[in-house]
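K.L.:
To start, I am sharing the structure in question, which I have written as C-alpha cells.
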Amino acid sequence: MAVEIKSAPEIDRMRRAGRIVAEILDALEDAVAPGVTTWDLDQLAERLIKEKGAKSAFKGYRGFPGVLCASINHEVVHGIPSRGRKLSEGDLIKLDFGVSVEGFYGDAARTVPVGKVSDQARRLSEATRDSLEAAIAAIRPGNRIGDIGHAVQSHVEKLGFSVVRDFVGHGIGRKLHEAPQVPNYGRPGTLESLRPGMVLAVEPMVNAGTHAVDVLDDGWTAVTVDGQLSAHWEHTILVTEAGHEVLTRARPGTTA
Ligand code: MG
C-alpha cells in the first residue's frame, strides 16, 4: 500500500488531534496515583474527549471497549480498562491514547510511574523514552524507515533491554493505522524513504527481559512471556522539509 502524503489542511487537523492527545495524556498522567483504577482513567479520558470535541480513536476499534489502553508492569500494550485494576505504589503503567479530529488521527503513549518505582523500572522507562527521542532525531527527508528502527534498537540493546517484535509503529492520518509499518528494530538505510508530508506513529515497546510476548485470553492484553517489566512510549510525528515536527508533545515540564 502506498504511503499517503498529507496536504496542508490535513496536517492542520492532525496538529489539532495531536494537541488534544497530548493535553489528555497530561491530565491522565496527573491522575495516576495508588488506588486509582484503570477504569477511572478511561472515564476521565472519555469525558475530556467530549469536552474537547474530538472522537476516540480506540473505542470500538476492532471491538476494543475503552478509549484508553492501560497496561501495567509486565503488560506490554492493549490493556483493557477495568474497575478491578487498581494501581499500586511501585507499578509502571503505560497509557496509550488516540483521538480523531475532523477525520484525522493522533496517537501517543507514555509510561508513568505510580509513586516510587524500582530502579529497573525507572531505567527501562527512560531507555524507552530516550530511544523514541533517538528515533525522532533520525526522522528527516532522505532517511529511511530502517533508520528509525535502528535508532531504537541500538539504544535499548546497549543498555541490556530488548525490543518487542510482534507490534510495530505505523503511518497515521485518515486511518489510525496506515502504511508504512515502522518496526522498532532494523538496519540503517533500509525500507521506505521518508518524504515531507508523511506522518508516522513511532512507538518503541521495550522489555526488561526477553522480547517475546503473548496475548491473553481477553484477545487484547499483550504480556511479556517471562513476566518481566515492559515500557512503551509513542509520538505522532510529521516529516517536514527541515526534518520533523512532533504533533503530540506534552506541555513543558511534563515527561513527554
Ligand atoms: Mg500507535
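The values are calculated or read from the model by the stated rules, or taken from the named source; none is laboratory data. Small disclaimer: the values here were computed from a predicted structure and weren't measured. Here the Cβ is made from the backbone with ideal geometry for all residues, glycine too, and neighbour counts use every protein chain on show. Areas reflect the complete protein model, heavy atoms only, side chains present, ligands, DNA and RNA absent. Shrake-Rupley method; radii C 1.70, N 1.55, O 1.52, S 1.80 Å.
K.L.:
Ignoring ligands, DNA and RNA, please state the percent of accessible area on region 154-194 from carbon and sulfur, probe 1.4 Å. List each step's numbers first, then the result.
P.N.:
On the way: 1010 of 1940 Å².
Answer for region 154-194 is 52 percent, counting heavy atoms of protein chains only.
K.L.:
Applying the Karplus parametrisation 6.51 cos²θ - 1.76 cosθ + 1.60 with θ = phi - 60° to the phi angles of region 51-62, what ³J(HN,Hα) value in whole Hz is obtained for each residue in order, glycine and proline being reported as x?
P.N.:
Values per residue, Gly and Pro as x: 4, 8, x, 9, 10, 5, 7, 9, 5, x, 5, 6 Hz.
K.L.:
Step through the residues of region 36-41 one at a time and calculate ³J(HN,Hα) from phi using the Karplus curve (6.51 cos²θ - 1.76 cosθ + 1.60, θ = phi - 60°), rounding each to whole Hz and writing x for Gly and Pro.
P.N.:
For region 36-41, the Karplus curve yields 6, 9, 5, 5, 4, 5 Hz.
K.L.:
With every protein chain present, what is the per residue accessible area of region 8-246 (1.4 Å probe, Å²)?
P.N.:
Details: 9510 Å² over 239 residues.
Result: 40 Å² of accessible area for each residue.
K.L.:
What percent does the relative contact order of the chain come to when contacts are Cα pairs within less than 8 Å and at least six residues apart?
P.N.:
Relative CO of the chain lands at 23 percent.
K.L.:
Let me ask another. At q = 0.11 Å⁻¹, work out log10 I(q)/I(0) for region 39-131 with the Debye formula, treating every Cα as an identical point scatterer and leaving solvent out; two decimals please.
P.N.:
Results for region 39-131 at q = 0.11 Å⁻¹ read -0.34.
K.L.:
Can you list the residues, at least 5 places off or on another chain, whose amide H is less than 5 Å from the amide H of Glu178, using H built in the peptide plane?
P.N.:
When sequence neighbours closer than 5 places are left aside, the close amide H contacts are Gly171, Ile172.
K.L.:
Could you run the Karplus curve 6.51 cos²θ - 1.76 cosθ + 1.60 with θ = phi - 60° over region 83-89 and give me ³J(HN,Hα) per residue in whole Hz, x for Gly and Pro?
P.N.:
Taking θ as phi minus 60°, the curve returns 4, x, 9, 9, 6, 10, 3 Hz for region 83-89.
K.L.:
State which entries of Lys6/Lys55; Lys59/Lys94; Lys52/Lys116; Lys116/Lys175 exceed 28 angstrom in Cα-Cα distance in the structure shown.
P.N.:
The answer is Lys52/Lys116; Lys116/Lys175.
K.L.:
Quick one: the Cα spread of region 8-246 along its three principal axes, in angstroms, biggest first?
P.N.:
If we take the Cα atoms of region 8-246, the spans are 47, 43, 30 Å.
K.L.:
Also: Taking the highest mean first, how do the peptides 166-177, 28-39 order by number of other beta carbon atoms within 10 angstrom per residue?
P.N.:
166-177, 28-39
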